Amino acid sequence: MKTDLTDTTSSQINKALVLGRRALGTPAIGMVLTLVIVTDEENAYDALKAANEASREHPSRTLVVIKRAARSARDRAKARLDAEVRLGADASTGETVVLRLYGEVIDHAQSVVLPLLLPDAPVVVWWPVNAPADPANDPLGALAQRRVTDAYACEQPIEELAARTETYTPGDTDLAWTRITPWRSMLAAALDQVVCEVTRAEVEGEEFNPSVELLAMWLADRLKVPVKRLVSSGPGLTSVRLESDCGPIVLHRPDASLATLSIQGQPDRAVALKRRETSELIAEELRRLDPDDTYASALRYGVARLGEEKAPSPAAVPAGATAEAASAPAAKKAPAKKAAGK
């Protein structure tokens, strides 16, 4: 069921939602959260499709905010709100409202969205593209418990990670981080099978993919070892190699679907490690609405620190120190099993 409203208000949209539920014979609301998607016209279809698929697991009211830039100065001065209300089969298991903002109302999108939020329910804001520099201080982001961005959609994704570090607020997350959840789970499980000390690591993937940097920062932050970032032709992440005192541990995925896990002294194993759709990523993020401390810790490690050696250089040794002191390791590395379990 679809209802088009032209030059409307938030009050009229709420009324259309109530009338639509009554017409369908489902007046009770069984939704668990409000998902606000802030996007442009070009990416609205794909984002809404992913949200509808995710709503099968998380029934929600989805508000799609599309800011339409006017061509003339006269149109820019005129504020207008158009809406499309979708219920029933047209909105999967929840409710969908597509909001198109024109003119001055573009600068006050939060005033349009606020009356449409489900009462006493969490709010998640997702920017598929063109995320603000500081999501938590964005007028729409300030309404949410969780704020989801996607550094992969930016023109300079690696620089975007550095910017996210400066403005991080508990509740922020990024789909570039969500994409590496299977990799992190597989590597943690592999380290649980051995009792050894990891000394260094290498992460290989396509060049402009922030997920590769995030995985490398996570390993460096958790294992306290230098991690080298290597470039491959992709697709996405292709390989992780952990050097340890009991042999290398390698997770290699050449085809974006099936990976091979190699551990010294054990037979190679094939593991499913396919690249996931956006709907699966959003569904995973909606499962937890508390701050992701692991993401925050990895993000704050910093891209610039990747590959740093932990041992001091000879030039850093104080005058009068012996040669043995100059060549001694700076500190003992944490055992891999303990680090993986953090």
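Every read-out reported here was derived from the displayed coordinates using simple, explicitly stated rules and does not represent laboratory data. Small disclaimer: the values here were computed from a predicted structure and weren't measured. A quick note on method: Cβ atoms are made from the backbone with ideal geometry, for glycine too, and the neighbour counts reach across all protein chains shown.
Put a dot 7 Å past each Cα toward the Cβ at A121 and D46; how far apart are the dots in nm?
About 2.7 nm, to one decimal.
For M186, what charge total do you get from the other residues with a beta carbon under 13 Å from its beta carbon, if Lys and Arg give +1 and Asp and Glu give -1?
Net of charged neighbours comes to +3.
Cα atoms only, the stretch 94-252: Rg and Dmax in Å?
Cα only, the stretch 94-252: 19.5, 64 Å (Rg, Dmax).
Diagonalise the Cα gyration tensor of the stretch 34-188 and give the resulting equivalent ellipsoid semi-axes, square root of 5 times each eigenvalue, largest first, whole Å.
26, 21, 14
Taking H as built 1.01 Å from N, whose amide H comes closer than 5 Å to the amide H of V36, not counting residues under 5 places away?
Residues meeting the criterion, in which the H sits 1.01 Å from N, are L63, V124, V125, W126.
For V85, what charge total do you get from the other residues with a beta carbon under 9 Å from its beta carbon, if Lys and Arg give +1 and Asp and Glu give -1?
Local net charge: -1.
Output needed: Cys residues of the chain lacking any neighbouring Cys C-beta below 4.7 Å, sorted by number.
Result for the chain is C154, no neighbouring Cys Cβ within the cutoff.
Name the residues whose placed amide hydrogens come within less than 5 Å of the amide hydrogen of S239, ignoring near sequence neighbours (fewer than 5 apart) on the same chain.
E204, R253
Only helical DSSP H runs with n ≥ 4 go in: add -39500 (n - 2.57) per run for the chain, normalise by residue count and round the 222 nm mean residue ellipticity to 500 deg cm²/dmol.
-9000 deg cm²/dmol
If I stretch the segment between T294 and A270 completely, what's the gain in nm (0.36 nm per residue apart, minus their alpha carbon distance), one decimal? Let's see the in-between values first.
Numbers: separation 24, 0.36 × 24 = 8.64 nm, distance 2.74 nm.
Going from the current span to full extension adds 5.9 nm.
At 0.692 mPa s and 37 °C, plugging the Kirkwood radius over alpha-carbon pairs of the chain into Stokes-Einstein gives what diffusion coefficient in µm²/s? Working shown, then result.
Values: Rh = 22.4 Å.
It diffuses with D of about 146 µm²/s by this estimate.
With 26 Å as the limit, write out which pairs from K49/K78; K224/K274; K2/K274; K228/K274; K49/K274 have Cα-Cα distances beyond it, or answer none.
On the way: K49/K78 31 Å; K224/K274 28 Å; K2/K274 36 Å; K228/K274 24 Å; K49/K274 20 Å.
Pairs exceeding the cut-off: K49/K78; K224/K274; K2/K274.
By DSSP, what percent of the beta bridges with both residues in the stretch 22-167 are antiparallel, rounded to the nearest 5?
If I count the DSSP bridges inside the stretch 22-167, around 25 percent turn out antiparallel.
Report, by chain and number, residues whose modeled amide H sits under 5 Å from the one on C246, excluding near sequence neighbours (fewer than 5 apart, same chain).
Amide H neighbours of C246, under 5 Å, 5+ apart: E197.
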